[in-house]
Amino acid sequence: MKTIFPEDLSHKDRHQLLLSGVNPRPIAFVSTLSENGDVNLAPYSFFMAFSSKPPIVAIGPAIAARTGKAKDTWLNILATKQATISSVSYSMVHAMNIAAGEYPPDTDEFEKAGFTKAVSTKVAPPFVKESPYAMECELMESIELRRDIGGNGNIVLLEVVAFHVAESVLVDGRVDPRRMDLVGRMGYSWYCRAQGDALFTLDQPGPNIGIGIDALPDHIKSSDVLTGSDLAKLAHVPTLPMLDGSFPRFDADFRADSLEIELAAGDAYAALYVMLNSGRSHDRTVRHRIAKAFLAKNQIEEAWQTLLLE
Ligand SMILES: Cc1cc2nc3c(=O)[nH]c(=O)nc-3n(C[C@H](O)[C@H](O)[C@H](O)COP(=O)(O)O)c2cc1C
């Protein structure tokens, strides 16, 4: 592994190295008003939620390293103490990039980038109507980071005083991420999209989240086939499973190809059928390969039963 110290890098390289590891970052599309009432809109990916009671989010508007200029967003929030933050879905991302351009403070980026202003309820800045999710915010605190070094960042803590959620992203009263289709910022010019196979669920950690990897039997822990991720999936069971004598069950007309063909096709059940009918149950590597195929489909119980067929 390469070890890099921040003081050995230029500002630009340090910036990109940091952003290449801290990602994907959500994007806050921040709207503010100047003291004169000029509307501003700009994306900020130094953005995170830090508390839900009270609901607190933070953005990081930097002093531009190249020009030494403070961002309009930051100056506006300091002056008016208010902002809105709209989430950025994939359909908005190209126009969002236009809004990120450097424009004079009196430029209305809603107009420049073709977004529609939605009227806020508790603060003066509008939010982005095209966004499925927006927050109205009031300034809690602005923290300046190392003003002496130039190009420095700032942390602006904002309290959320109202949420807006599009009906179209709600399923049974909950926000469905598949309907949000949000984008994330990565390092350099990379972005990602929270959609399709990129989305998955995990059990919520709690007292019964699992036995842990240290409690797995040695013959499983020392596997040449199962990866750390496979072991972690197996370790999610609340207690060590016992062999279920009725596993597996196959219909009388069940048919399968060779072990290698079925494993290549990811059909763990068919591979198991071949294993059991070819007398290869004693082959630990085969058992582990089949268990791995079950784990790839998150069939944890089947994976355990296959491993226990020892
Ligand atoms: C996706 C994206 C994320 C950005 N995140 C930040 C950020 O976290 N902090 C920052 O200072 N600039 C960030 N920028 C750059 C600002 O959006 C850009 O400097 C913009 O012109 C600032 O506008 P303003 O002066 O109207 O606030 C980002 C740009 C893009 C495209």
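The values are calculated or read from the model by the stated rules, or taken from the named source; none is laboratory data. Keep in mind it's a predicted model, so treat the numbers as computed, not measured. When we count neighbours, we look across all protein chains shown, and the Cβ atoms used for this are built from the backbone with ideal geometry, even at glycine.
Identify the residue in the range 70-96 that is in a strand (DSSP E or B) and either under 29 Å from Ala198 (Cα atoms) or out of contact with any helix residue (DSSP H, G or I) (no Cβ under 8 Å at 6 or more places or on another chain) (or both) and, among all such residues, is nearest to the ligand (Cβ to nearest atom). Before the answer, list the steps.
Kept after step one, since they are in a strand (DSSP E or B), are these residues of the range 70-96: 70, 82-87, 89.
Cutting the leftovers down to either under 29 Å from Ala198 (Cα atoms) or out of contact with any helix residue (DSSP H, G or I) (no Cβ under 8 Å at 6 or more places or on another chain) (or both) gives us 70, 82, 84-87, 89.
On the way: Ala70: 8, Gln82: 14, Thr84: 13, Ile85: 12, Ser86: 13, Ser87: 12, Ser89: 13 Å.
For the range 70-96, the residue satisfying everything is Ala70.
Residue check, Thr67 against (1) touching a helix residue (DSSP H, G or I) at 6+ places or on another chain (Cβ under 6 Å); (2) free of Cβ contacts under 8 Å to residues at least 60 places away in the same chain; (3) in a loop (DSSP other than H, G, I, E, B); (4) within 11 Å of the ligand (Cβ to nearest atom), all met but one. Which one?
Single failed check for Thr67: (1).
Check whether at least one residue in the range 44-60 is of a type in the set (Gly, Ala, Ser), assigned by TED's automatic domain parsing to the domain that holds Val119, over 21 Å from the mean Cα position of the chain (by Cα) and assigned to a loop (DSSP other than H, G, I, E, B), and report yes or no.
Checked against the condition, which is being of a type in the set (Gly, Ala, Ser), assigned by TED's automatic domain parsing to the domain that holds Val119, over 21 Å from the mean Cα position of the chain (by Cα) and assigned to a loop (DSSP other than H, G, I, E, B), the range 44-60 yields no hits at all.
State the number of residues belonging to the range 138-190 that are under 24 Å from Lys69 (Cα atoms), in a strand (DSSP E or B) and of a type outside the set (Asp, Glu).
Number satisfying all stated conditions: 10.
For the range 245-274, how many residues meet the condition of being within 16 Å of Leu309 (Cβ to Cβ) and either of a type in the set (Phe, Trp, Tyr) or more than 39 Å from the chain's Cα centre (by Cα) (or both)?
Looking only at that region, the number is 7.
I need every pair where a residue in the range 228-254 that is within 14 Å of Lys292 (Cα to Cα) has its Cβ under 9 Å from the Cβ of a residue that is assigned to a helix (DSSP H, G or I) and charged (D, E, K, R), sequence separation at least 6 or different chains.
From the range 228-254, the pairs are Asp230/Lys292; Leu231/Lys221; Ala235/Asp214.
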